[in-house]
Amino acid sequence: MPKKAFLTDVKTLRARARKHLDTGAIASSYIGDVKQTIAILQNVLATELVCVLRYTQHSITASGISSEGVKAEFAQHAKEEQEHVMAVAERINQLGGTPNFNPEGLASRSASQYAEGDNLVDMIKENLIAERIAVDHYRELIRYFQNNDPGTKSMLEGILRVEEEHADDMHDLLVAHEGKPMLK
């Protein structure tokens, strides 16, 4: 059995790169389903937008004697979720899609929910729930993109790390404000 070359020769790489310039970032070596990937990422975009809105709302409306530090944490998370929005929107654009920022139907496209919470502890709980949903969702998506879209997979892995930090932050805040751990 003849050995298969590990790397494509430079002439072949150059020739392939010149073909189908209209596909933009999608090279002939892309093996994923571009339309399906864009559809999935539109839902990821909606999820991140809902998170930005929820954290922003909470950063403004949280009240109480110990709310200032929590409000700052909410504001920081809103900023980081906005960074995720931009990364996902850029990826959709790279794949030839148009990011869907239309607020109509945003909640139905999102994996997480928009919940305001009646008080500071409720807000923390709602954010922890949303982060746990995001963590599970991103883990599933990373497995889905594992072999067919390393660029999307890598982006989602970066987002996942931040979402795990957010969940940890929300859990720590919950423990601090309730005095007992909610999770083992």
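The values are calculated or read from the model by the stated rules, or taken from the named source; none is laboratory data. Not measured: the values here are computed from a predicted model. All Cβ positions, even for glycine, are placed from backbone atoms using ideal geometry, and neighbour counts span all protein chains on display. Note: accessible area is taken over every heavy atom of the protein model, side chains too, but ligands, DNA and RNA are not part of it. Shrake-Rupley method; radii C 1.70, N 1.55, O 1.52, S 1.80 Å.
Among the residues of segment 146-184, what is the count of those that are under 29 Å from Lys35 (Cβ atoms) and either open to solvent by 30 Å² or more (accessible area, probe 1.4 Å) or modelled with pLDDT of 95 or more (or both)? I'd like the intermediate steps shown before the answer.
Of segment 146-184, the ones under 29 Å from Lys35 (Cβ atoms) are 146-163.
Next cut, either open to solvent by 30 Å² or more (accessible area, probe 1.4 Å) or modelled with pLDDT of 95 or more (or both) only: 146-148, 150-163.
Residues that pass the stated criteria total 17.
Inside segment 75-114, residues that are in contact with a Lys or Arg (Cβ under 7 Å, 6 or more places away or on another chain) and among the hydrophobic types (A, V, I, L, M, F, W, C) make up a count of 0. Check off (1) in contact with a Phe, Trp or Tyr (Cβ under 9 Å, 6 or more places away or on another chain); (2) at pLDDT below 95 for Ile60 and give me the number that stays unchecked. Looking at each condition in turn, Ile60 falls short on (2).
Are there any helices (runs of 4 or more DSSP H) wholly within segment 27-138 with 1 or more residues that are touching a residue at least 40 places away in the same chain (Cβ under 8 Å), more than 23 Å from Glu165 (Cα to Cα) and open to solvent by 60 Å² or more (accessible area, probe 1.4 Å), and if so which? I'd like the intermediate steps shown before the answer.
Values: elements: 34-61, 67-94, 106-109.
Correct list: 67-94, 106-109.
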